[in-house]
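A.B. asks: Next up is a structure, given as structure tokens.
Values in this text are rule-based calculations from the coordinates and carry no lab data. Just so it is clear, the structure is predicted and the values come from calculations on it, not from any experiment. Cβ: placed from backbone, ideal geometry, glycine included. Neighbour counts: every protein chain shown.
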Amino acid sequence: MKFLVTGASGFIGQFLCSELHNRGQTVRAMMRSLRIPLSHAEIVLIGEINSKTEWSNALQEMDVVIHLAARVHVMRDTAADQLVEFRSVNTVGTEHLARCAAASGVKRLVYVSSIKVNGEETHEGQKFSGADMPAPQDPYAVSKWQAEQALHRVASETGLEVVIVRPPLVYGPGVKGNFWQMLDVVARRAPLPFASVHNRRSLVYVGNLVDALITCAAHPAAAGQTYLVCDGEDVSTSDLLRQMAVAMSVPSRLFPCPLMLLRLAGKLTGKSQQLERLLGSLQVDGDKIRRDLNWVPPFSLQQGLQATAEWYRTNGHGNLPP
């Protein structure tokens with residue numbers, strides 16, 4: 001099969017292009033610049049993704065599009081209307097790509113959405129599923145949900161096969177953001193006040209997500225479906241930090257602190273939202289993709305964390321023991 005991967009220079013995109021190449025597939029990688037070389041893919045440069053993006057050359061002779069590119073959260077976003085900016089790329093740009101793909105003879109488009117379409121947190125005994133009523137709560141999540149709706153319209157009008165995948169937090173070699181910060185703090189052997197946190201969170205290792213995306217691209221039963229993908233091993237923040245420490249061969253230095261005091265500290269420092277991701281729960285029901293596509297995550301949480309720790313160790317991070 002011939003794959004066009006958008007967002008190929010990103011964390012997930014690089015892993016996906018490499019894995020497709022290793023499986024003998026033809027890969028065309030959409031990038032905005034040549035700052036990250038990909039020797040195992042044909043590179044096409046595309047500018048801004050919006051309603052006017054020229055896709056014809058990139059889509060020529062492609063069988064499947066895996067659409068990763070998106071406008072994501074921007075720290076200190078100064079846009080006058082954030083929803084308009086998110087929709088321009090994530091909603092309108094995605095719909096335009098889908099219509100161009102259908103016109104070019106592409107058979108299937110796999111869209112990487114976000115678990116934030118379901119909402120921000122789950123409560124005890126609850127797991128998000130694809131059958132839930134969507135409850136996006138910020139402009140990014142709203143734009144992703146609207147993109148999903150647009151893709152289903154395009155599918156019904158053109159016959160393009162659409163598959164929606166909503167992952168939770170993705171981790172693995174090359175990860176950035178909050179997960180990288182957690183790695184770095186653990187590696188520095190810093191005392192952390194999370195021993196009393198007993199929440200439950202679903203994660204997905206990048207190798208598992210990529211395997212699921214490739215399965216969704218090829219399996220006949222995936223067409224028209226929405227799948228939530230996870231490792232299948234939900235953990236508390238305290239357990240995750242302990243497992244990170246084991247993977248990095250450093251001591252785990254957790255101590256208990258009342259959740260009320262942690263939340264108060266979050267308010268006083270202006271980091272309530274970031275802290276709530278460590279204290280709250282977000283669980284995903286990944287059974288549907290297992291039933292429909294007979295998909296099983298090829299990597300365990302332990303294997304994913306170990307691979308992530310090894311990447312951290314070998315890429316210039318000096319906080320780990322040899």
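A.B. asks: Taking 30 Å as R0, compute the FRET efficiency from the Cβ-Cβ separation of Ser252 and Asp287 and round it to 0.05. Working shown, then result.
C.D. replies: Working: r = 31 Å, r/R0 = 1.05.
In this case the efficiency is close to 0.45.
A.B. asks: Order these peptides, 121-132, 302-313, by their mean beta-carbon neighbour count within 10 angstrom, highest first.
C.D. replies: Values: 121-132: 14.7, 302-313: 19.1.
Per-residue Cβ counts within 10 Å, averaged per peptide and sorted highest first, yield 302-313, 121-132.
A.B. asks: Here's a follow-up. If packing is taken as the mean number of other Cβ atoms within 10 Å per residue, what is the order of 185-196, 208-219, highest first?
C.D. replies: 208-219, 185-196
A.B. asks: Would you please put 90-100, 223-233, 43-53 in order of how densely packed they are, using the mean number of other Cβ atoms within 10 angstrom per residue and starting with the highest?
C.D. replies: Details: 90-100: 22.6, 223-233: 20.7, 43-53: 14.5.
Taking the mean over residues of other Cβ atoms within 10 Å, the ranking is 90-100, 223-233, 43-53.
A.B. asks: Set the Förster distance to 22 Å, then compute FRET efficiency between Leu268 and His123 from the Cβ-Cβ distance, nearest 0.05.
C.D. replies: Values: r = 26 Å, r/R0 = 1.18.
Approximately 0.25, to the nearest 0.05.
A.B. asks: Still on this structure: Treat each spin label as a single point 7 Å out from the Cα along the C-beta direction, and report the Ser39 to Asn315 distance in nm.
C.D. replies: Going from the Ser39 label point to the Asn315 one covers 1.8 nm.
A.B. asks: Going 7 Å from the Cα of Arg189 toward and past its Cβ, which residues in the stretch 231-263 have a backbone nitrogen under 20 Å from where you end up?
C.D. replies: Answer for this model: 241-256.
A.B. asks: Another question about this same structure. How big is the Rg/Rh ratio for the stretch 44-149, C-alpha atoms only, Rh by Kirkwood, two decimals? It would help to have the intermediate numbers written out before the result.
C.D. replies: Working: Rg = 15.3 Å, Rh = 15.0 Å.
We get a ratio of 1.02 for the stretch 44-149.
A.B. asks: Hey, got the Cα dimensions of the chain along the principal axes, in Å, largest first?
C.D. replies: For the chain, the Cα spread along each principal axis is 58, 42, 41 Å.
A.B. asks: Moving on to the next point. Can you compute the equivalent ellipsoid semi-axes for the stretch 92-146, i.e. the square root of 5 times each eigenvalue of the Cα gyration tensor, sorted largest first and rounded to whole Å? It would help to have the intermediate numbers written out before the result.
C.D. replies: Numbers: eigenvalues 163, 33, 9 Å².
That gives 29, 13, 7 Å for the three semi-axes.
A.B. asks: Also, quick follow-up: Where a ≥ b ≥ c are the square roots of the eigenvalues of the C-alpha gyration tensor, would you call the stretch 196-254 rounded, which needs a/c under 1.5, or, failing that, prolate if a/b is larger than b/c, or oblate?
C.D. replies: On the way: a/c = 6.63, a/b = 2.39, b/c = 2.77.
Oblate is the answer for the stretch 196-254, as a/c is 1.5 or above yet b/c matches or exceeds a/b.
A.B. asks: Per DSSP H run of at least 4 residues, take -39500 (n - 2.57); add these up for the chain, divide by its residues and hand me the 222 nm value, nearest 500 deg cm²/dmol. Intermediate results must be reported in sequence, preceding the final value.
C.D. replies: On the way: 12 runs with 126 residues, N = 322.
Calculated from helices alone, the mean residue ellipticity at 222 nm is -11500 deg cm²/dmol.
A.B. asks: What does the extension gain come out to for Lys2 and Val84, with contour length at 0.36 nm per residue minus their alpha carbon separation?
C.D. replies: Working: separation 82, 0.36 × 82 = 29.52 nm, distance 3.32 nm.
Using 0.36 nm per residue and subtracting the Cα-Cα distance, I get 26.2 nm.
A.B. asks: Additional query: Given 10 °C and 1.306 mPa s, compute D for the stretch 147-237 with the Stokes-Einstein relation, Rh being the Kirkwood radius over Cα pairs; round to the nearest whole µm²/s.
C.D. replies: Values: Rh = 15.7 Å.
Estimated via Stokes-Einstein, D reaches 101 µm²/s.
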